[in-house]
Structures are given as structure tokens and as C-alpha cells.
Amino acid sequence: MRLPAEFSLIARHFLALADPGALGLADDAAVLTPPPGRELVLSADAMVAGVHFLPDDPPETVGRKLLRVNLSDLAAKGAVPLGYLMTVSTPKDTPDSWFAGFAKGLARDQATYGVTLLGGDTTSTPGPISLSLTIIGHVAPGTAVLRSGARPGDEIWVTGTIGDGALGLQAALSKLPDSDGYLLDRYRLPQPRIGLALAGIASAAMDVSDGLVQDLGHLCRGGGVAAEIEAARVPLSEAARAAGAAWLETCLTGGDDYELLLAVPAQRRAALVAESGRAGVAVTRIGTFRPGPPDVTVRLASGEPMALTKGGWSHF
């Protein structure tokens, strides 16, 4: 008897990605044994064509981005990746080559980040392509870094550079020059900061997905504090600086960076810098949390507040 088309597709493209606990992707669920003495950390993110990636983006980079944006959530918790569940909804006329490229991208990053497929679902949709992934990781008990720990006096730090993802989208839309493709690559392939050990260093953390200013506001609300950052301190790549000052607000509010945003007590600053060096991840101090209502102020070099026309990305 021939396999139904859905199961044939799964066997061709996704079976090679599966963990033994996925039971050959032939059952209704996976069976997962967490590492002894560890707590599980779970997070889910969806990606929709035309919203989170462009319809003509290479399927290999779409698969990698789907996995990486979820790994970024684990990185913010200081968690070690374990496995993932995935739902793929595509129009019926999606060519088999798209699935082959998508699975190839997943396989490449599974090898990089030490994570495997545990199961999920494939469905058809009138469109657009809709993808969802639930990532599973683990931490030592009680060590997951939450959004809610920021306190007055904590320093505000970020990893990497800010704004490249948002500028990369503008480059993809031909609204910004990007001769070497650096910005486009940063939009399509964010760098999850897996391996940066935050437990005992950061009092709060999250990844920057919807814009630095907006996501910093989430940390403020979680901790019941205000935040003040200096625009001149926010780390920008050479490509972002070359874009010019007119794009600064986009860098601060545009989203798609997937860098980490950290609250770090001053007495742990040296520990963060040492851990940054060990992990090979650049970190930059950009401001301070202060007492007050949960608002974010961006200061210009003059000391004046920067007037922003928007706070960040919102789906609603």
C-alpha cells in the first residue's frame, strides 16, 4: 500500500531530522526523557510568509530562521537546546523542492546547535505559508533567567549589534542599498546567542524581536522600573552606520535583531564581560534601569530625549 501523500512528504524530507524519541514520526506524539536533575524550558514562535519572511526568500534560510528565532528564546533563558516540535502549513501547489530546501536548512542548523526534531504536523492552507515551532531546552533548577528581575540601578546591556535585521528587510525591499548582502543576511539568518551562560549574572533577559525600545519596555513592566538608554551607546554595525542617521529610529524600533537584552547588576559587570569573552559574544552597556513608571527614554548626545514616532513592531 502506498503511503498517503502527507506521510510520503514527511518521510522524504523530515524523517532524517528526527530524534529517536520522535518514534519515526509515525506516532501521535513523541516520548522525551529530560536530562536528569534539569528543568525544561519551552517556547513557541510562528512565522508567516509576507510577515516574518518574504515569499521569495530561499526555503533553506526560511527553515534556519524558524529554528533560530526559537533558539533565541532559549538563549535569553540561559537554556541548553534539546529538541523541537514543528507545524508546517503550505499551499497544495508548493513544489517538493521547497520542502527539500527547507529541510536542508533545518538539518544544517540542527548540526550547529545540537537540536533534533521531535514531531509536529503538516497541513495544507490556501496560503500564505505558515510555520510554527515549539522549542524545548533545559536549565539547572531555579536558574532560568526571567523578564521580571530588573531592579533600579541594574545596567542595560545588549549582545551583538542592533538594527541590522530591520535594515535588512528594507534592503530586501530595495529601499536601502546593501551591496555586499550583509544586512539581508542578518535579516534572513539571525544569530541566536546560545551558549552565553546568564545564570547568576543577568537579573532579567529577553531577546530583541520586536524592536529594542519596545522589548526594553517589556523588561520595565516585568520589573516595575523605568529605563534610560543613550542612543550613541547602542552598538551599530558598519553597514548600519553607513546607512546614515536617518535610519537610527529604524534601528532602535524595527525588530528582527534576535540579540539579547540584559539587566545586569553593576557588581556583576565583570562577570558578564568575562562570560562574553569566553562565549565569543560581544556585549555593550547602553543604559540603566531607574525607579519610576515602566517607560523607556532614549537620550541623544545632547542629553535631550529622542522623539520616536513608534515604539516597535506589533501584530495587532
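The values are calculated or read from the model by the stated rules, or taken from the named source; none is laboratory data. This is a predicted model, so every value here is computed, not measured. Don't worry about glycine lacking a Cβ; one is built from the backbone with ideal geometry, like all the others, and counts go over all protein chains shown. Each accessible area value is taken on the protein alone, full model and side chains, heavy atoms only, with ligands, DNA and RNA left out. Shrake-Rupley method; radii C 1.70, N 1.55, O 1.52, S 1.80 Å.
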Under Karplus coefficients 6.51, -1.76 and 1.60, residue-wise ³J(HN,Hα) of region 182-188 in Hz, glycine/proline x: 4, 5, 4, 4, 5, 6, 6
Cα shape, region 177-316, gyration tensor, a/c 1.5 rule: oblate
Sparse-neighbour loop sites [trypsin sites (Lys or Arg not before Pro); region 90-164; at most 10 other C-beta within 10 Å; DSSP]: 92
Under-5 Å amide H pairs with residue 154, H placed in peptide plane, nonlocal only: 289
Heavy-atom accessible area per residue - the chain, 1.4 Å, Å²: 45
Karplus-derived 3J(HN,Hα), 6.51/-1.76/1.60, for each residue of region 281-293, Hz, glycine and proline x: 10, 5, 10, 9, 7, 10, x, 8, 7, 10, x, x, x
Residue 53 long-range amide H proximity, modeled H, under 5 Å: 48
Helix axis angle, 212-223 relative to the chain longest principal axis, alpha carbon, degrees: 80
For residue 43, residues with placed amide H under 5 Å, excluding near neighbours: 135
Which labelled figure in (i) 35, 24, 15; (ii) 37, 30, 20; (iii) 34, 28, 19 is semi-axes √(5λ) of the Cα gyration tensor in Å, once derived from the coordinates: (i)
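Ignoring ligands, DNA and RNA, please state the percent of accessible area on the chain from carbon and sulfur, probe 1.4 Å.
Heavy-atom surface of the chain belonging to carbon and sulfur, 1.4 Å probe: 55 percent.
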Anchor residue 77: lysines whose Cα lies under 20 Å away (excluding residues fewer than 8 positions away in-chain): 65
Helix axis angle, 269-279 relative to the chain longest principal axis, alpha carbon, degrees: 30
In sequence order, calculated HN-Hα J values of region 101-109 (Karplus, 6.51, -1.76, 1.60; Hz; x Gly/Pro): x, 4, 5, 4, x, 4, 4, 4, 7
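What's the local net charge at residue 193, with K and R +1, D and E -1, over the other residues with C-beta under 9 Å away?
Numbers: positive: none; negative: 207, 259.
Result for the neighbourhood of residue 193: -2.
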